[in-house]
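Asks: Below: one structure in structure tokens.
The values are calculated or read from the model by the stated rules, or taken from the named source; none is laboratory data. From a predicted model like this one, the values you see are computed outputs, not experimental measurements. Here the Cβ is made from the backbone with ideal geometry for all residues, glycine too, and neighbour counts use every protein chain on show. Ligands, DNA and RNA are excluded from the accessible area calculation, which covers all protein heavy atoms including side chains. Shrake-Rupley method; radii C 1.70, N 1.55, O 1.52, S 1.80 Å.
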Amino acid sequence: MKVALIPGDGIGKEVMAEGKKVIDAVSEKLNFEISWNEYNFGAERYLKEGKTLTEDDLKELSKNNAIYFSAIGDTRVKPGILEKGILLAMRFYFDEYINLRPIKFFEGVQEILKNKKNIDFYAVRENTEDFYIGIGSNEAKKKHKDEFEILRTIYNVKFNLDIESDKDEIAYQIGILSRKGCERIIRYAFELAKRKNFDLVTGVDKANVLNFYAVWRKIFDEISKDYINDKIKSEYLYVDAAAMFFVLKPERFKVLAIPNMFGDILTDLGAGICGSLGTAASGNINPKGVSMFEPIHGSAPDIAGKGIANPVGQILAGAMMLDELKKSDAANLMIKAVEYVLKEGKVRTPDLGGSAKTADVGNEVIKKIKEM
Ligand code: ATP
């Protein structure tokens, strides 16, 4: 298997070294081979060469089976340039329409919600549609025309907007949901539940106020019928109720299917209730294409270079990648080893109240993998 390695900036480089080390250890133990192709995309290259990701870079990346990414960002680069030019560029080029976020509490991490250790579910966030397609304006005048064209692998849409208002300044944003876009993400959520032996999929929307989510709900309903024989139940929740249950009763969730914008918010809430930015991972997935796996934290310039960043999110992103590459045994072994190390509590980085270095955590996880 060929895997693209993009360590990026700041603590990205430090935690990536541990993620790679752990994957190498597990692949050696379970007898499979990963060949790494490392790329220097990130702030340093942007500052030197003025490039984020070129068409050639994307073609080069597409030769890999998956992308193992860490973090980009640098105080010398205007916010948004690297995110748009690298992260979003990859997401759209490879049509990574699924944002998969395990929401899992690890024993040993400080509890945020009292007596709520039993948090273990998946948020499946749609990654390409909704209000995030870039159709909007914050400077529409009294009489105003706007044209937008959305070109996607699954459809093209053109909007010609004639805006007339009796006030000087209005702002607007338009969201799109397509049948195909809803179908493919909702089906992924049900398939994930089936693969993981979960018995509940929760569809989230706000169909009572925002009309277009009725399509999401209708398609959720249609697809759920295909899984009745698999004993997977389904339910809908409005996003406001879902947010409340994230805090009051997170143990009720198994898999959630969430449109883009609400997913953005709920997945961060999910990371919050699990207590640490340093331990959460995320996958940007196209099951038939090149998927990308990353920790949810950024480049954290404040602690970069000190060797104290928590590498657990990066290691768990590696486990997600192996799971998607059909190496579930390897993925489970990595997760078990991380769980063990966190619970034992001897080797923890300062963000979790310990004094260990980034590399100590990687080494300890490898030790456990070898012992198991
Ligand atoms: P970016 O702009 O790249 O998102 P950021 O510093 O604004 O970077 P994060 O990196 O996501 O945002 O994190 C915010 C803070 O949380 C960091 O400044 C750091 O103190 C802490 N933090 C984030 N990730 C880790 C980690 N893996 N280990 C320890 N602390 C972390």
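Asks: Going through Ser224, Ser165 one at a time, which residue ends up being surrounded by fewer than 20 Cβ atoms within 10 Å (Cβ to Cβ), away from the ligand (no atom under 16 Å from the Cβ) and over 18 Å from the mean Cα position of the chain (by Cα)? Even if it seems obvious, please write down each step before you answer.
Replies: Working: Ser224 fails: surrounded by fewer than 20 Cβ atoms within 10 Å (Cβ to Cβ).
The conditions single out Ser165.
Asks: While we're here: Would you check which residues across region 12-24 are open to solvent by less than 20 Å² (accessible area, probe 1.4 Å) and away from the ligand (no atom under 16 Å from the Cβ) and list them? Reasoning before the result, please.
Replies: Going residue by residue through region 12-24, those that are open to solvent by less than 20 Å² (accessible area, probe 1.4 Å) are 12, 15-16, 18-19, 22-23.
Result: Ile23, single match.
Asks: Only one of (1) open to solvent by less than 30 Å² (accessible area, probe 1.4 Å); (2) among the aliphatic types (A, V, I, L, M); (3) closer than 20 Å to Ile34 by Cβ; (4) more than 11 Å from the ligand (Cβ to nearest atom) is not met by Ile273, so which one is it?
Replies: The single condition Ile273 does not satisfy is (3).
Asks: Further question on the same structure: Please count how many residues of region 285-299 are of a type outside the set (Phe, Trp, Tyr), open to solvent by less than 30 Å² (accessible area, probe 1.4 Å) and either within 20 Å of Cys274 (Cα to Cα) or within 8 Å of the ligand (Cβ to nearest atom) (or both). Even if it seems obvious, please write down each step before you answer.
Replies: In the first step, residues of region 285-299 are kept if they are of a type outside the set (Phe, Trp, Tyr); the result is 285-292, 294-299.
Narrowing the set further to residues that are open to solvent by less than 30 Å² (accessible area, probe 1.4 Å) leaves 285-286, 290-292, 294-295, 297, 299.
Next, from what is left, pick out any that are either within 20 Å of Cys274 (Cα to Cα) or within 8 Å of the ligand (Cβ to nearest atom) (or both): 294-295, 297, 299.
Number of matching residues: 4.
Asks: Which numbered condition in (1) of a type outside the set (S, T, N, Q); (2) touching a residue at least 24 places away in the same chain (Cβ under 8 Å); (3) closer than 24 Å to Gly283 by Cα is the only one that Asp230 fails?
Replies: Against the list (1) of a type outside the set (S, T, N, Q); (2) touching a residue at least 24 places away in the same chain (Cβ under 8 Å); (3) closer than 24 Å to Gly283 by Cα, Asp230 comes up short only on (3).
Asks: OK, next. With the structure loaded, tell me whether Ala71 is in contact with a Ser or Thr (Cβ under 6 Å, 6 or more places away or on another chain), among the hydrophobic types (A, V, I, L, M, F, W, C) and more than 16 Å from the ligand (Cβ to nearest atom) or whether it fails that test. Quick ask: steps written out before the conclusion?
Replies: Numbers: in contact with a Ser or Thr (Cβ under 6 Å, 6 or more places away or on another chain): yes; among the hydrophobic types (A, V, I, L, M, F, W, C): yes; more than 16 Å from the ligand (Cβ to nearest atom): no.
So Ala71 does not fit the description; no.
Asks: A further question follows. For region 244-352, please list each of the strands (runs of 3 or more DSSP E) lying entirely inside it that holds at least 1 residues being over 12 Å from the mean Cα position of the chain (by Cα) and at pLDDT 95 or above. Reasoning before the result, please.
Replies: Values: elements: 255-258, 281-285, 291-295.
Here the list reads 255-258.
Asks: Restricting attention to region 1-11, which residues are of a type outside the set (Asp, Glu) and either within 16 Å of the ligand (Cβ to nearest atom) or open to solvent by 50 Å² or more (accessible area, probe 1.4 Å) (or both)? Break it down stepwise before answering.
Replies: Looking only at region 1-11, we keep the residues that are of a type outside the set (Asp, Glu), and these are 1-8, 10-11.
Selection gives Met1, Lys2, Ile6, Pro7, Gly8, Gly10, Ile11.
Asks: Being part of a helix (DSSP H, G or I), among the acidic types (Asp, Glu) and within 15 Å of Ser299 (Cβ to Cβ) is the filter here; which residues of region 39-87 pass it?
Replies: Glu44, Glu83
Asks: Suppose we filter Leu151, Leu88 for residues that are within 16 Å of the ligand (Cβ to nearest atom), open to solvent by 50 Å² or more (accessible area, probe 1.4 Å), free of Cβ contacts under 8 Å to residues at least 24 places away in the same chain and aliphatic (A, V, I, L, M); which single one remains? Working first, answer last.
Replies: On the way: Leu151 fails: within 16 Å of the ligand (Cβ to nearest atom).
Exactly one of Leu151, Leu88 is within 16 Å of the ligand (Cβ to nearest atom), open to solvent by 50 Å² or more (accessible area, probe 1.4 Å), free of Cβ contacts under 8 Å to residues at least 24 places away in the same chain and aliphatic (A, V, I, L, M), namely Leu88.
Asks: Surrounded by fewer than 21 Cβ atoms within 10 Å (Cβ to Cβ), without any contact (Cβ under 8 Å) to a residue 12 or more places away in the chain and farther than 25 Å from Lys20 by Cα: is that true of Met261 in this structure?
Replies: Numbers: surrounded by fewer than 21 Cβ atoms within 10 Å (Cβ to Cβ): yes; without any contact (Cβ under 8 Å) to a residue 12 or more places away in the chain: no; farther than 25 Å from Lys20 by Cα: yes.
No, not satisfied.
Asks: Regarding region 329-339, can at least one residue be identified that is within 16 Å of the ligand (Cβ to nearest atom) and out of contact with any Asp or Glu (no Cβ under 6 Å at 6 or more places or on another chain)?
Replies: yes
Asks: Quick one: how many residues across region 201-233 are under 11 Å from Ala257 (Cβ atoms) and either out of contact with any Pro (no Cβ under 9 Å at 6 or more places or on another chain) or β-branched (Val, Ile, Thr) (or both)? Even if it seems obvious, please write down each step before you answer.
Replies: Narrowing region 201-233 to residues under 11 Å from Ala257 (Cβ atoms): 201-205, 216-217, 219-220, 223-224.
Cutting the leftovers down to either out of contact with any Pro (no Cβ under 9 Å at 6 or more places or on another chain) or β-branched (Val, Ile, Thr) (or both) gives us 201-204, 217, 219-220, 223-224.
Final tally of qualifying residues: 9.
Asks: Name the residue, out of Leu256, Leu237, Leu248, that is out of contact with any Gly (no Cβ under 9 Å at 6 or more places or on another chain) and closer than 29 Å to Phe105 by Cα. I'd like the intermediate steps shown before the answer.
Replies: Details: Leu256 fails: out of contact with any Gly (no Cβ under 9 Å at 6 or more places or on another chain); Leu237 fails: out of contact with any Gly (no Cβ under 9 Å at 6 or more places or on another chain).
Only one candidate qualifies: Leu248.
Asks: Which one of these does Ala337 not meet: (1) within 11 Å of Glu18 (Cα to Cα); (2) in contact with a Lys or Arg (Cβ under 6 Å, 6 or more places away or on another chain)?
Replies: (1)
Asks: Would you mind stating whether Ile308 is open to solvent by 30 Å² or more (accessible area, probe 1.4 Å), free of Cβ contacts under 8 Å to residues at least 60 places away in the same chain, away from the ligand (no atom under 11 Å from the Cβ) and not polar (S, T, N, Q)?
Replies: Values: open to solvent by 30 Å² or more (accessible area, probe 1.4 Å): yes; free of Cβ contacts under 8 Å to residues at least 60 places away in the same chain: yes; away from the ligand (no atom under 11 Å from the Cβ): no; not polar (S, T, N, Q): yes.
So Ile308 does not fit the description; no.
Asks: Residues to consider are Gly50, Gly42; find the one that is open to solvent by 10 Å² or more (accessible area, probe 1.4 Å) and either at negative phi or modelled with pLDDT of 95 or more (or both). Working first, answer last.
Replies: On the way: Gly42 fails: open to solvent by 10 Å² or more (accessible area, probe 1.4 Å).
After ruling out the rest, the residue left standing is Gly50.
Asks: Among the residues of region 355-372, which ones are open to solvent by 30 Å² or more (accessible area, probe 1.4 Å) and either without any contact (Cβ under 8 Å) to a residue 40 or more places away in the chain or not basic (Lys, Arg) (or both)? Give the steps one after another, and end with the answer.
Replies: To start, the set of residues in region 355-372 that are open to solvent by 30 Å² or more (accessible area, probe 1.4 Å) comprises 355, 357, 359-360, 363, 367, 370-372.
Matches in region 355-372: Ser355, Ala359, Asp360, Asn363, Lys367, Glu371, Met372.
Asks: If you don't mind, another one. So, in region 225-243, exactly how many residues are assigned to a helix (DSSP H, G or I) and over 19 Å from Lys206 (Cβ atoms)? Break it down into steps so the answer makes sense when it comes.
Replies: Kept after step one, since they are assigned to a helix (DSSP H, G or I), are these residues of region 225-243: 225, 239-243.
Retained after the next criterion (residues that are over 19 Å from Lys206 (Cβ atoms)): 225.
Residues meeting the conditions: 1.
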